[in-house]
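The values are calculated or read from the model by the stated rules, or taken from the named source; none is laboratory data. Here the structure is a predicted model, which is why all the values come from computation and not from measurement. A quick note on method: Cβ atoms are made from the backbone with ideal geometry, for glycine too, and the neighbour counts reach across all protein chains shown. All accessible areas refer to the heavy atoms of the entire protein, side chains included, with ligands and DNA or RNA removed. Shrake-Rupley method; radii C 1.70, N 1.55, O 1.52, S 1.80 Å.
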Amino acid sequence: MNYLIFWATFIVLFALVFIFDRYYFMLRDNGTALPRPYSFSRVQLAWWTVIVLTSFISIIIISKGTAPTFDASTLYLLGISSATTIGATLIDVSDQTNPNITGLAQNMPGDNFFLDILSDKNGVNVHRFQTVVFNLVFGLWFIINVLINLSGHFNPDHVIPVISANNLILLGVSSGVYATLKATENKQTTAATTPTTPVQTPIRG
């Protein structure tokens, strides 16, 4: 039963994020392109917000009103995601107001969800891939531990897992590398594509 409450809450929050993005571009870059490309930093913040808020609401429902006390590591985790979003937004605003920068990545139409968050204007790059994988793996680990701790008679304050200092540093460094290199993405020269010569197919009489 506890698992059902968790997943029902997760689905409701996920659906709200989907609806807000569908109609208000909540997870998209601010740009002139249509469709707007997805923003990794906003997706990251939404990912951890949904996970932590799902855990918090589920504990309150299952324990009949007892609100858990967040461990400091959870607050640091949300702080890392928030700081990444703030930094990425400031970089985008700075690039948009710089007349010397053309071909902004956020003004290029989005391709699909995964390619958008993994790519800059020159394609998929390793620092984005690293950050996406780390956040995905730690998010799944967080969910699994919450579900384990929700089983049986539980202490509301011990359901949300404690993230070790080294793991928080890992996530912080990964997000920091992303933000630092994002500042250079729009300043790079757009890679030229090599035109392909169409193959002439002989006409058969």
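Could you work out how much longer the chain between N155 and F18 gets when fully extended? Use 0.36 nm per residue separation minus the Cα distance between them, nm to one decimal. The partial results should precede the final answer.
Working: separation 137, 0.36 × 137 = 49.32 nm, distance 3.21 nm.
The N155-F18 span can extend by a further 46.1 nm.
For trypsin sites (Lys or Arg not before Pro), the sites in the range 1-69 that DSSP calls loop and that have at most 16 other Cβ atoms within 10 Å are K64.
The separation of the range 2-23 from the range 111-141, counted between C-alpha centres, amounts to 22 Å. Once C-alpha pairs closer than 8 Å and six or more residues apart are averaged by separation and normalised to the residue number of the range 52-183, the relative contact order reads 38 percent. Think of a 1.4 Å ball rolled over the protein heavy atoms: the chain then has 58 Å² of accessible area per residue. Length gained on full extension, F114 to T184: 23.1 nm, using 0.36 nm per residue less the C-alpha separation. Summarised in one figure, the compactness ratio Rg/Rh of the chain, Cα atoms and Kirkwood Rh, is 1.10. Here is how the number arises for the chain: DSSP H runs of 4 or more residues each give -39500 (n - 2.57), the sum is divided by the residue count, and the result at 222 nm is -20500 deg cm²/dmol.
Split the accessible area of the range 139-179 by element, probe 1.4 Å, and carbon with sulfur accounts for 66%. Axis of helix 126-150 versus longest Cα principal axis of the chain: the two differ by about 20°, to the nearest ten degrees.
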